[in-house]
Amino acid sequence: MFPDYPFQSQYFSIDRNKLHFIDEGEGPVIVMVHGNPTWSYFYRRAVNLLKKNYRVIAVDHMGCGLSDKPQVYSYTLSQHIENLERLLEYRNVQKYSLMVHDWGGAIGVGCAVNNPSAIEKIVVMNTAAFRSTSIPCRIQLCRVPYLGTIIVKLFNGFAWPALFMAVEKKMSKEVKEAYLYPYDSWKNRVAVHRFVMDIPMTPDHESYDTLFRIEQQLEKLRDLKIPLLLLWGGRDFCFNTSFYDEWERRFPEAESHYFADGGHYILEDKWQEIAPLLEKHFLG
């Protein structure tokens, strides 16, 4: 149905809501955690590449992708972390590597710092797992009461613009349709909007303490010398170079690759260059 996504859909029920995920291949486990407004489709080529030697699990957060989209739900950072932890327990995953992007950074790394000894390797792409003091105007606009709801949920003014604002290389019509497929109505865009609203910019935000706790515990992963591969698109208006620099500061032993002409959806723009780096990181 979706280009390069020939995977069997699986579901896990959490409090009567179905969480969609794929679980492909056999061997050591790699868990791939997407951000907003993507879904597991973002990782399709990485899954196809790595499932030959690894067991690859890619989740759709609640409200995203092919997961249920409950209208009344706690779409918070702590809830997404809990959901991922429950999924890994359900699939009996004891040790795993991580690939994270966008909001998947805080969610995936949030799981990792809760049990750092379970983590084998990490790939970080245009994301953060620490606080920031600035937010792009175009994202802030989507947070304005009432107006933001209309922009994101009525006009799809977050997921749709990302198709050209988050990439430097034009995507095919079929790939664009796949990215937008889960977010085709007001109700189905609920999590896209709630993710935007869940960005914790001030200490009184309900997710601020969760993100601060993750930030404080990042050193656990560094001290364990877990191999970390940093892949970054330099033309990302949101997770800009300052975030890349912060990852390098916190993980000075990381292998870093900065693609100056790559966008936020770095796996779309730079797949040919990234594929051998992933093979080296996981298989080398």
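A few remarks follow.
- Sparsely packed loop sites in the stretch 18-106 (the GluC sites (Glu not before Pro) outside DSSP H, G, I, E and B with at most 16 other Cβ atoms within 10 Å) comprise 26.
- Under 14 Å from the Cα of residue 170 - aspartates and glutamates, other chains or at least 8 residues apart: 261, 268, 269
- Sulfur and carbon atoms: percent of accessible area, the stretch 171-281 [1.4 Å]: 50
- Restricting the stretch 130-221 to GluC sites (Glu not before Pro) in coil, as DSSP defines it, with at most 13 other Cβ within 10 Å: 206
- The calculated P(r) of the stretch 137-194, using every Cα pair and 5 Å bins from 0, goes 4, 19, 30, 22, 16, 8, 2 in percent.
- Amide H contacts of residue 234 (H built 1.01 Å from N, under 5 Å, at least 5 apart or other chain): 259, 260, 261, 262
- For the stretch 9-168, the calculated P(r), taken from all Cα-Cα distances in 5 Å bins from zero up to the bin holding the longest distance, is 2, 8, 17, 22, 21, 15, 9, 5, 2, 0 percent.
- On the beta carbon distance between residue 224 and residue 155, with R0 = 45 Å, the FRET formula returns roughly 0.50.
- Net charge contributed by nearby residues that have their C-beta within less than 12 Å of residue 131 (K/R +1, D/E -1): -2
- Per-pair calculated FRET efficiency, R0 = 22 Å: residue 121 and residue 261 via Cβ, rounded to 0.05: 0.25
- Globularity index of the chain is 0.92 (Cα radius of gyration / 2.2 N^0.38 Å, N = number of residues).
- For the stretch 116-155 versus the stretch 44-101, the spacing of their alpha-carbon centroids is 17 Å.
- Each residue of the stretch 129-145 was assigned a 3J(HN,Hα) from its phi angle through the Karplus expression (A = 6.51, B = -1.76, C = 1.60, θ = phi - 60°), giving 9, 8, 6, 9, 9, 9, 9, x, 4, 5, 7, 4, 4, 6, 9, 5, x Hz with x at Gly and Pro.
- Neighbours of residue 58, meaning other residues whose beta-carbon lies under 9 angstrom from its beta-carbon, give a summed charge of -2 when Lys and Arg score +1 and Asp and Glu score -1.
- Highest-MSF residue in the chain out of 245, 23, 204 [GNM, Cα springs under 10 Å]: 204
- Cleavage-rule hits, chymotrypsin sites (Phe, Trp or Tyr not before Pro), the stretch 204-240, DSSP coil, Cβ neighbours within 10 Å at most 16: 237
- In the full protein context, the stretch 219-284 carries 48 Å² of accessible surface per residue, based on a 1.4 Å probe and ignoring ligands, DNA and RNA.
- FRET efficiency estimate (nearest 0.05) - Cβ-Cβ, residue 277 to residue 184, R0 35 angstrom: 0.55
- Amide H contacts under 5 Å for residue 127, placed H, 5+ residues apart: 102
- Residue-normalised accessible area of the stretch 134-183, expressed per residue, 1.4 Å probe, Å²: 58
- Among 201, 62, 32, the largest mean-square fluctuation in a Gaussian network model of the chain, built with springs joining Cα atoms closer than 10 Å, belongs to 201.
- Taking 22 Å as the limit for the C-alpha separation, the pairs 51/173; 187/270; 51/220; 51/187; 52/95 exceed it in the case of 51/173; 187/270; 51/220; 51/187.
The values are calculated or read from the model by the stated rules, or taken from the named source; none is laboratory data. Keep in mind that this is a model prediction, so the values were computed, not measured. All Cβ positions, even for glycine, are placed from backbone atoms using ideal geometry, and neighbour counts span all protein chains on display. We work out accessible area using only protein heavy atoms, side chains counted, and drop any ligands, DNA or RNA first. Shrake-Rupley method; radii C 1.70, N 1.55, O 1.52, S 1.80 Å.
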